[in-house]
Structures are given as C-alpha cells and as structure tokens.
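The values are calculated or read from the model by the stated rules, or taken from the named source; none is laboratory data. Predicted model only: the values in this text are computed from it and were never measured. Counting neighbours? That spans all protein chains shown, and the Cβs are built from the backbone with ideal geometry, glycine included.
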Amino acid sequence: MSERFTKSMARNIYLGGGVFSLLLFFSLSYHTMGVLPERDHRHNITPEVVLGKKVWEDNNCVGCHTILGEGAYFAPELGNVYKRFGNSTEAIIGFIESRPVEGIPGRRSMPQFNLSREELVGIAEFLKWTSEINTNNWPPNIEG
Amino acid sequence: MMKYESQAVAKPYFIAAIGLFIVQVLFGLIMATQYLIGDFMFPEIPFNVARMVHTNLLIVWLLFGFMGASYFLVPEESERELYSPKLALILFWTFLVAGALTVLGYLLVPYAGLAAMTGNDIWPTMGREFLEQPTITKIGIVVVVLGFIFNIGMTVLSGRKTVISVVLLTGLVGLAVFFLFAFYNPVNLVLDKFFWWWVVHLWVEGVWELILGAILAFVLIKVTGVDREVIEKWLYVIIAMALITGVIGTGHHYFFIGTPGYWLWLGSIFSALEPIPFFMMTLFAFNMVNRRRRDHANQAAVLWALGTAVLAFVGAGVWGFMHTLAPINYYTHGSQITAAHGHLAFFGAYALIVMTIISYAMPIIRGQAAAPAAAQRLEKWSFWLLASSMVTITLALTGAGVLQVWLQRMAEEPMSFMATQDSIAFFYWLRLAAGFVFTAGLFVYVASFFVGQKSAITTTK
C-alpha cells in the first residue's frame, strides 16, 4: 500500500467505519422491532403456539428440518408444512404420530417422539402460526 | 524457542483442538452416509444428534484454537509472561470436561430428556441451530470465556500494546458480548431468529474476522520478517472492510424470516461487498510473502497461511457472494448451496487459521525453530489432501444444490423434497468419497507431529 496512506488513516477508517456500521445496524434493528408486529402477527401467538415452539426446541426438530429456510437440510422445510398438508393441523399430528420406532429400512425417517396429545396440538398450532408469517413470499412454491 | 515460558499453555489447547476436529469429522462421515442410507445407525444416532455433535464440536475446537493462539501470541506481542498460566490451565480442563459431558449428553440421552434434565423448562435456550447446548453449558461457556478474556486482557493491558494484540482482544470481547444473545429466546419465532443471528452472523462474519486477521498478521510478521508497520496497516484496512460490509451484511439473513422488505436491499448490497476484505486478505498474504526479508525455516506454516487467505476468499467470499443477492437467495435459501458455502467458508477461514497458528507455534513450543523436514513434508501433504477434498465436497454440494433448486423450486412441475433428494444422490456419493479423503488427510496431519522428531534440531534445553 502506498506511503501516503498511513497507518493512522487506516485505523481511523476501521474505528469510524466499525462504529458507524454498528450504530446504523442498531438503528435499523430498532426500526425493524417497531414494524415487526404486523408482519409476524404475534397477536396470534396462543398458549398452544408457545408450547409448540417449546416442543419444537426440546426435540431438536431444527437438527433435520429447516424452518423459514434455516436449520438442517436433511428433511423437508416446515415453515409452510401446514399449507402443504392441506391447511390441516390434524394431518401434521397424524404424520408425527405415525412414525415407526425402528425407522424405515434404507430410508430417512423421522424418529418416534412419543408426544402427548397436548404437545402434538402445540407443535401443529406452532407450525400453522409460522406458515402465516409475512416472509416476503418465501418459499417459492408449496414444496418448500 | 519460546520467548516466554507461559506461551506453553497453548499446547494442550492445540492438542484438544486437533482431537475434537477428528471427532467432528467422524460424525461428518456418519451424516454423509445417512444422506445416502437413510437408516444408517438409526435410531441409535439419528441425523440430528450427529449434526449437533458435528457443528458444536466445530465451534468448540475453533474456540480451543483461538484460545491457544491467544495464549501463544499475546505474551510475545505484550513482551511479558501471561497474567496467569494457572488460570489458563484450569479453564482448559473446565472447558474440555464441560464440552465432553455435553457431547456425551447428546449421544447417550434423547435430546428431550437432556432438556428436561438440565432445566430447559426454567430457562429455555436449547433446540436452536448451533445453540443446542443445555443452558447450564452455555453458562459454563460464558464463565470460561470471561476468565480467558480476563487473563488475556490483563496481559495485553499491562504489557506492550500492539495493533495485533488490541485487535485480537477486541474480537474476543465481541465474541463474548454477542454470545450473550444465546440466552435470549423469545416465544416469537421471528424475534428469536432475528437475534439468533446476532450470535451466529456477528460471530463468523463480524468479530471472528478480527481474530482471524490478528492471528494471520502475527504469523505473517514472524515468517516473512516484513516490517510490522506495513502489516498493521493492512490489518486495519482488512478489518475495517470486514465490519463495514459485514455488520449491515447481517441483512442477508433477514430476507425471508418475517423481517421488513428493506432488508432485501440492504442485505444484498452490503453482503455483496463482503468478499472485499477476504480478497484483500489474499492480496495481503501473497504480498507479504513476496516481500519477505527472510526464508523462514517453517515453510509449512507459510503454506497454511497462504491456504487460509485463498480458501477463506473462495469459501466465504466467492461462495457466499454466489447466493447472497436476494433474488437468487429466494431460490437457494436453505438448500445444499448453503451447506456448500458453510463447509468451505468455515474450513477456509477458521479451520485453516487455527492450523496455521498450530503449524507455526507447535514446533516452537516443542523447542524447535521449525518442524523437522520430514514432518513438514507430511504437513504439506495433509494440507493438499484436506484442501482438495474440501473443495471437492464443496463442488459436490454445489452440484447437489443447483439441481435441488431446479427440481424442487424452479421446475414447471416441482418435485417434493424427498423425491428431489433421491434424484441428486450422485452428488452425495461424491461428497462421501471426498469425506474419506479428508479424513485420510487429517490422519496424515496428525502423523506429521510424530515423524522425524529424533533428527529434529532442538534449540532449547
């Protein structure tokens, strides 16, 4: 690098640029917090949805599936599974309940989690709520 | 030879890092097999368990590597002994035992049981990607990291302050601060995801780049003998660009998770610039090596350093850019393209920088100026085996991803997820084969520490 560009100039770009970027990022995040409620429809977060998210986490669902595109890529996207299953929470519950304990020979299979009825309703309601978040129209189609 | 005795505490950290790296890769092989033979090891080790072990061990061994690097380079930069070598050793064992217990918990107890056992009902933080650790483990991580930063901070602040040591310390403090968001887990998934990225993105595309830059700069000063003023100027410019592009670049994760539309623009524009600091890092490394004032005896370390610069640019820079623009990411988000990028970025930037500092520091800790010629030869072999197989893994996953996106998301009659997976199995076979080569490379790497030691010229004792 040229001699006219000194180390103290470089340091000033680092400090100024770094601090400015962080402040701008925090301001934008603050603004996002203000407009999120209408996009995430948090008023629809019922006790079932809360329980469902807990069940989702306690069973590490994100270790195989993606949800809104984030997670593991081993099993189908679940952000829109409610819609893919014909807008049916019972279809989701039926699928989870029917997983074989010993798996399916040669195939990927979801484990049998032995969830209670309450937990099953929770997870289904959580996935229903998730499918109604405004995601800028993602995923591109119903297959997720 | 070591300038300061306390630099030797880096040794157990480096050994642990390499050991955990091996375990990480073995679990990678399990997963790569499960992609093809779905019921492999099921239900004993389901995919999600193998993946937790794989990703969590990656983070833990890199942290061991960063800590070892800090303990080695900070005394030398500060021109004084480490504040407390004893604390460093206590924290080492604490971290290792806590990490081992957590991994055993993943493997031996169903995850829901582990959650119940560790009080996830009281303070739920588990079950989120990369942050799967029980809350109590997370608290342990905070304690270890704070103790570590205290130790390093006391050394830096009471000694000679160099750009390298201050940038490193800044990166480490940032690492600790942003990790605190791991404890925030709102019931609203959108908020959860928003702040989850404050840990994940602001680590790997933010403060970790400071740590990476500082370690690379340190090794380049040592192996090239180029004037510190020149290297420090480069370091400032690189980390300036990393922060200027990467912080707002967080927006490329805010495209489709419920956040407002302006992030599509901000995230696209700023993250499209994120390759710049990595490209500069490549220019930096090659420039310094070309302008070297001496030919250091440790040419293996030079190779690792140049490899870091190149593969960080390709993996983080080029492969990141490939899918970072919102209209493209709309189709590639959460596909095998993401996995491809993740593999080469983590390997190129972070695995390789840790291996660079190990290559430079380990012989010195063992009382040699550089590893014996035979050992360096093996090291270089392992570099090429690891690098070429990881590039192959990346290309295979990219092939899988492109086809997946086409079949599942762009075709006139889109296929289901599982039908798509069956159609792209060829690429998963390729990935698995490359995974075995990678494992072989890792064993060659380990072997390099044990060959030629009898003929080694020891500079101490």
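Does any residue of region B:406-415 turn out to be out of contact with any Asp or Glu (no Cβ under 7 Å at 6 or more places or on another chain) and surrounded by 24 or more Cβ atoms within 10 Å (Cβ to Cβ)?
Checking region B:406-415: not a single residue is out of contact with any Asp or Glu (no Cβ under 7 Å at 6 or more places or on another chain) and surrounded by 24 or more Cβ atoms within 10 Å (Cβ to Cβ).
Can you name the number of the only condition in (1) of a type in the set (D, E, K, R); (2) surrounded by fewer than 23 Cβ atoms within 10 Å (Cβ to Cβ); (3) within 12 Å of another protein chain (Cβ to nearest Cβ); (4) in contact (Cβ under 8 Å) with a residue 40 or more places away in the chain that residue B:209 fails?
(2)
Considering region B:324-339 alone, what residues qualify as being under 22 Å from the mean Cα position of the chain (by Cα) and either part of a loop (DSSP other than H, G, I, E, B) or among the polar types (S, T, N, Q) (or both)?
Result: B:324, B:333, B:334, B:335, B:336, B:338.
Answer yes or no as to whether residue B:311 is touching a residue at least 24 places away in the same chain (Cβ under 8 Å), more than 14 Å from chain A (Cβ to nearest Cβ) and among the hydrophobic types (A, V, I, L, M, F, W, C).
Taking the combined requirement at face value, the residue satisfies it.
Quick grid of which residues meet (1) within 8 Å of chain A (Cβ to nearest Cβ); (2) of a type in the set (Val, Ile, Thr); (3) closer than 30 Å to residue B:303 by Cα:
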site	(1), (2), (3)
B:178	no, no, no
B:194	yes, no, no
B:215	no, yes, yes
B:225	no, no, yes
B:238	no, yes, yes
B:248	yes, yes, no
B:256	yes, no, no
B:260	yes, no, no
B:265	no, no, no
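Specify the residue that is surrounded by the fewest Cβ atoms within 10 Å (Cβ to Cβ); the eligible residues are those in region A:51-60 that are touching a residue at least 40 places away in the same chain (Cβ under 8 Å) and not small (Gly, Ala, Ser).
So the residue we want is A:51.
What about residue B:287, is it buried (at least 24 other Cβ atoms within 10 Å of the Cβ) and within 14 Å of chain A (Cβ to nearest Cβ)?
Values: buried (at least 24 other Cβ atoms within 10 Å of the Cβ): no; within 14 Å of chain A (Cβ to nearest Cβ): yes.
The answer is no for residue B:287.
Yes or no: residue B:199 modelled with pLDDT of 95 or more and either within 20 Å of residue B:125 (Cβ to Cβ) or among the polar types (S, T, N, Q) (or both)?
Taking the combined requirement at face value, the residue satisfies it.
Is it the case that some residue within region A:90-106 is within 24 Å of residue B:45 (Cα to Cα), surrounded by 22 or more Cβ atoms within 10 Å (Cβ to Cβ) and either over 16 Å from the mean Cα position of the chain (by Cα) or more than 7 Å from chain B (Cβ to nearest Cβ) (or both)?
No.
How many residues are within 12 Å of chain B (Cβ to nearest Cβ), surrounded by 18 or more Cβ atoms within 10 Å (Cβ to Cβ) and either within 19 Å of the chain's Cα centre (by Cα) or among the polar types (S, T, N, Q) (or both) when one looks only at region A:111-122?
Within region A:111-122, residues that are within 12 Å of chain B (Cβ to nearest Cβ), surrounded by 18 or more Cβ atoms within 10 Å (Cβ to Cβ) and either within 19 Å of the chain's Cα centre (by Cα) or among the polar types (S, T, N, Q) (or both) number 2.
Among the residues of region A:58-84, how many are within 7 Å of another protein chain (Cβ to nearest Cβ) and not in a loop (DSSP other than H, G, I, E, B)?
6
Somewhere in region B:363-381, is a residue surrounded by fewer than 24 Cβ atoms within 10 Å (Cβ to Cβ), out of contact with any Cys (no Cβ under 9 Å at 6 or more places or on another chain) and within 14 Å of chain A (Cβ to nearest Cβ)?
Scanning region B:363-381 turns up no residue that is surrounded by fewer than 24 Cβ atoms within 10 Å (Cβ to Cβ), out of contact with any Cys (no Cβ under 9 Å at 6 or more places or on another chain) and within 14 Å of chain A (Cβ to nearest Cβ).
Residues checked against (1) assigned to a helix (DSSP H, G or I); (2) facing chain B (nearest Cβ under 8 Å); (3) hydroxyl-bearing (Ser, Thr, Tyr):
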{"residue": "A:4", "(1), (2), (3)": "no, no, no"}
{"residue": "A:8", "(1), (2), (3)": "yes, no, yes"}
{"residue": "A:11", "(1), (2), (3)": "yes, yes, no"}
{"residue": "A:25", "(1), (2), (3)": "yes, yes, no"}
{"residue": "A:52", "(1), (2), (3)": "yes, no, no"}
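With respect to residue B:325, determine if the residue is more than 9 Å from chain A (Cβ to nearest Cβ) and in contact with a Gly (Cβ under 8 Å, 6 or more places away or on another chain).
For residue B:325, the condition - more than 9 Å from chain A (Cβ to nearest Cβ) and in contact with a Gly (Cβ under 8 Å, 6 or more places away or on another chain) - is not met.
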